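The values are calculated or read from the model by the stated rules, or taken from the named source; none is laboratory data. Bear in mind that the values here come from a model prediction, so they are computed numbers and not experimental data. Using ideal geometry, Cβ is built from the backbone for each residue, glycine included, and neighbour counts are taken over all protein chains shown. Ligands, DNA and RNA are stripped out before the accessible areas are found, and what is left, the full protein with its side chains, is counted by its heavy atoms. Shrake-Rupley method; radii C 1.70, N 1.55, O 1.52, S 1.80 Å.
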Amino acid sequence: MAGRPGFPVRLGASSAEAATLRPVPARAVKGAAARATGVGLDSGTVRARMLDKLRAQGITNEQVLAAMNAVERHCFVDTALVNQAYEDTSLPIGLGQTISKPNVVARMISLLLGGQKEGSGRLGRVLEIGTGCGYQAAVLSLVAKEVYSIERLRGLHDKARANLRAFRLANVHLLFGDGMQGFAKGAPYAGIIAAAGGACVPQAWIDQLAVGGRIVAPMSTATGAQALVVLEKTEREMKQTVLESVHFVPLKSGIA
Ligand code: SAH
């Protein structure tokens, strides 16, 4: 593995051989940096295996694969779970919430980018609902120009801030608030991605989406199950596509 990359990390638009996005070791950021280097696993090799699996599962977007390869997922989970960080499983991140499986993260970001031609560079501004531990925000920071990520639980907002501090991602903006209201100041968004599922997509997200933009979100179906939904905004309408079933934590209103 090459030496520590300069920050912000730049990725080749179509290369999966990207620089690793890892915390900058510094005395001031002991926690995350220590975890990044002290786990006793060659995370590059484990991530390469994760990438093979993602390809086998049908993830083809090279920009997404490069971003998944670059972010050290083990830096975002509790020490006891580090060995499971690259497995195809969701993991608890505290306060009853979970970090999605790598496969689901890659799939949703692929859908978010799906509107644009591969190799056409980064998406513009993206809004993420549900920062959680900050992992997906870090992945998004490599495929979008700006990432606004909002979390309703103060404890997780603080955790994400701590996790991300060492990565020094200048294009990630963490917000504490109710994501059901969106974040009007950052609008219009080229993409909105939700990590929590509700009964419908809030009107605020639709209003804050740019024409040509996409919303990717889990949504409850009539049977009470959850499905992944893609909404595309055109000049005249919102086009909705319902995809596979998923299992996300509930989208809740208000802050806590
Ligand atoms: N993307 C996250 C996954 C977090 S799980 C990661 O990579 O870790 C989903 C998160 O959505 C939870 O932290 C939950 O608190 C949050 N959430 C649920 N409803 C929300 C709302 N209305 N606004 C903001 N965040 C919300």
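Below, the figures for the structure above:
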read-out	value
Cα gyration tensor, the range 170-256 - rounded (a/c under 1.5), prolate or oblate	oblate
Length-normalised contact order for the range 94-183 - Cα pairs under 8 Å, 6+ apart - percent	28
Furthest towards positive pole of dipole, M219, L54, V24, structure part the chain, Cβ charges	V24
In the range 163-256, the GluC sites (Glu not before Pro) that fall in loop regions by DSSP, at most 13 other Cβ within 10 Å	E235, E237
Charged-residue dipole, Cβ positions (Lys, Arg, Asp, Glu), the chain about Cα centre, Debye nearest 20	660
Within the accessible area of the chain (1.4 Å probe), percent carbon and sulfur	51
Where the chain is the region considered: accessible area per residue in Å², 1.4 Å probe	45
Residues with amide H under 5 Å from that of L209, placed H, sequence gap 5 or more	Y189
Amide H contacts under 5 Å for E146, placed H, 5+ residues apart	R125, V126
Among R22, R236, R73, residue whose mean-square fluctuation peaks in a GNM of the chain (springs only between Cα atoms under 10 Å)	R236
At R0 = 51 Å, FRET efficiency that the Cβ-Cβ distance of A162 and A225 yields, to 0.05	0.90
Sequence-distant lysines (8 or more away, or on other chains) whose Cα lies within less than 23 Å of K117	K145, K233, K239
Nonlocal amide H pairs with K101, under 5 Å, H built at 1.01 Å	S90
Relative contact order of the range 9-250, pairs being alpha-carbon contacts under 8 Å that are 6 or more residues apart, as %	16
Residues of type lysines that K159 reaches as a straight line, Cα spacing below 22 Å, ignoring anything fewer than 8 places off in the same chain	K30, K101, K252
F176 paired with T234, simple spin-label distance in nm, labels 7 Å along Cα-to-beta-carbon	4.3
Per-residue ³J(HN,Hα) for the range 52-59, Karplus 6.51 cos²θ - 1.76 cosθ + 1.60, θ = phi - 60°, Hz, x for Gly and Pro	4, 5, 4, 4, 5, 7, x, 7
Among G198, L123, N171 - extreme Cα towards positive end, dipole of the range 86-220, charges at beta-carbon	N171
D88-A48 FRET efficiency (beta carbon distance; Förster radius 22 Å; 0.05 resolution)	0.90
Gain upon complete extension [K145, T241; 0.36 nm per residue less C-alpha separation]	32.0 nm
The range 106-256 - percent relative contact order, Cα under 8 Å, separation 6 or more	22
Crossing angle, helix 154-165 versus the chain [Cα axis fit, 0-90 degrees, rounded to tens]	50
The chain: calculated mean residue ellipticity at 222 nm from DSSP helix runs of at least 4, using -39500 (n - 2.57)	-7500 deg cm²/dmol
